[in-house]
């Protein structure tokens with residue numbers, strides 16, 4: 001009934017309002033998201049729909065930009081720009097080149 | 001009176017109580033609640049169909065609607081006149097008679 005994002009009025013505890021820097025990969029994801037928008041490949045509302053479709057467990061486990069990453073990769077698969085096999089192959093390649101640290 | 005023409009500032013409106021799948025800009029806490037239109041903000045592409053990759057047309061009117069906090073939260077302990085202003089699209093609203 002209620003999407004994972006639609007939490008107005010629910011108990012949430014204290015909000016962390018401390019400013020924090022974005023990591024390099026978060027900036028990359030932000031840039032990629034902007035680029036997909038500029039090229040007309042995805043709209044902001046589509047991104048929101050995909051993020052809300054993650055479900056409660058994933059939504060509440062992933063960080064903000066991890067949600068964006070999950071949303072974008074699924075959207076690009078659904079629209080036939082990339083395949084899951086290509087993503088898996090790239091991850092395997094990076095894991096081999098950069099080592100086991102990648103996995104954590 | 002019904003339909004979009006009945007939606008104007010001062011009109012008392014009921015928010016549709018519906019929980020469809022998809023992307024919506026109407027939070028759960030106002031669904032099924034009654035408020036008053038304070039102003040029309042404009043006509044915009046429909047985010048619900050934009051979210052499906054379509055063009056979002058026809059344009060939908062977006063209204064600012066005022067709710068008493070006491071009408072939204074059963075245990076609200078603040079002042080009687082405390083209110084929430086929220087933007088809602090026309091297709092979530094229907095007019096209701098004034099009390």
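Coordinate-derived values only; no laboratory data. From a predicted model like this one, the values you see are computed outputs, not experimental measurements. Ideal geometry is used to build each Cβ from the backbone, glycine not excepted, and the neighbour counts take in all protein chains shown.
Kindly evaluate residue A:91 against the criterion of being out of contact with any strand residue (DSSP E or B) (no Cβ under 6 Å at 6 or more places or on another chain) and assigned to a helix (DSSP H, G or I). Yes; evaluated as a whole, the condition is true for this residue. The number of residues in the stretch A:1-13 being surrounded by fewer than 11 Cβ atoms within 10 Å (Cβ to Cβ) and within 12 Å of another protein chain (Cβ to nearest Cβ) comes to 2.
In the stretch B:30-49, is there at least one residue being facing another protein chain (nearest Cβ under 9 Å), in contact (Cβ under 8 Å) with a residue 12 or more places away in the chain and closer than 22 Å to residue A:10 by Cα? Yes - at least one qualifying residue is present in the stretch B:30-49.
Among the residues that make up the stretch B:72-84, is at least one of them touching a residue at least 60 places away in the same chain (Cβ under 8 Å), within 14 Å of the chain's Cα centre (by Cα) and over 30 Å from residue A:74 (Cα atoms)? Within the stretch B:72-84, none of the residues are touching a residue at least 60 places away in the same chain (Cβ under 8 Å), within 14 Å of the chain's Cα centre (by Cα) and over 30 Å from residue A:74 (Cα atoms). Evaluating residue B:65 against the criteria (1) more than 14 Å from chain A (Cβ to nearest Cβ); (2) under 26 Å from residue A:46 (Cα atoms); (3) free of Cβ contacts under 8 Å to residues at least 24 places away in the same chain leaves one unmet condition, (3).
Among the residues here, residue A:40 does not qualify as on the phi > 0 side of the Ramachandran plot, more than 14 Å from chain B (Cβ to nearest Cβ) and loosely packed, with under 12 Cβ neighbours inside 10 Å. For the stretch A:45-59, name all the residues that are surrounded by 12 or more Cβ atoms within 10 Å (Cβ to Cβ) and assigned to a helix (DSSP H, G or I). Within the stretch A:45-59, A:45, A:46, A:47, A:48, A:49, A:50, A:51, A:52, A:58, A:59 qualify. For the stretch A:60-88, the candidate set comprises residues that are touching a residue at least 12 places away in the same chain (Cβ under 8 Å) and not in a helix (DSSP H, G or I); within that set, the residue that is farthest from the other protein chains (Cβ to nearest Cβ) is A:81. When you look at residue B:13, is it within 9 Å of chain A (Cβ to nearest Cβ) and out of contact with any helix residue (DSSP H, G or I) (no Cβ under 8 Å at 6 or more places or on another chain), yes or no? Criteria not met by residue B:13. Check whether at least one residue in the stretch A:14-28 is more than 12 Å from every other protein chain (Cβ to nearest Cβ), within 23 Å of residue B:52 (Cβ to Cβ), touching a residue at least 12 places away in the same chain (Cβ under 8 Å) and surrounded by 15 or more Cβ atoms within 10 Å (Cβ to Cβ), and report yes or no. Scanning the stretch A:14-28 turns up no residue that is more than 12 Å from every other protein chain (Cβ to nearest Cβ), within 23 Å of residue B:52 (Cβ to Cβ), touching a residue at least 12 places away in the same chain (Cβ under 8 Å) and surrounded by 15 or more Cβ atoms within 10 Å (Cβ to Cβ).
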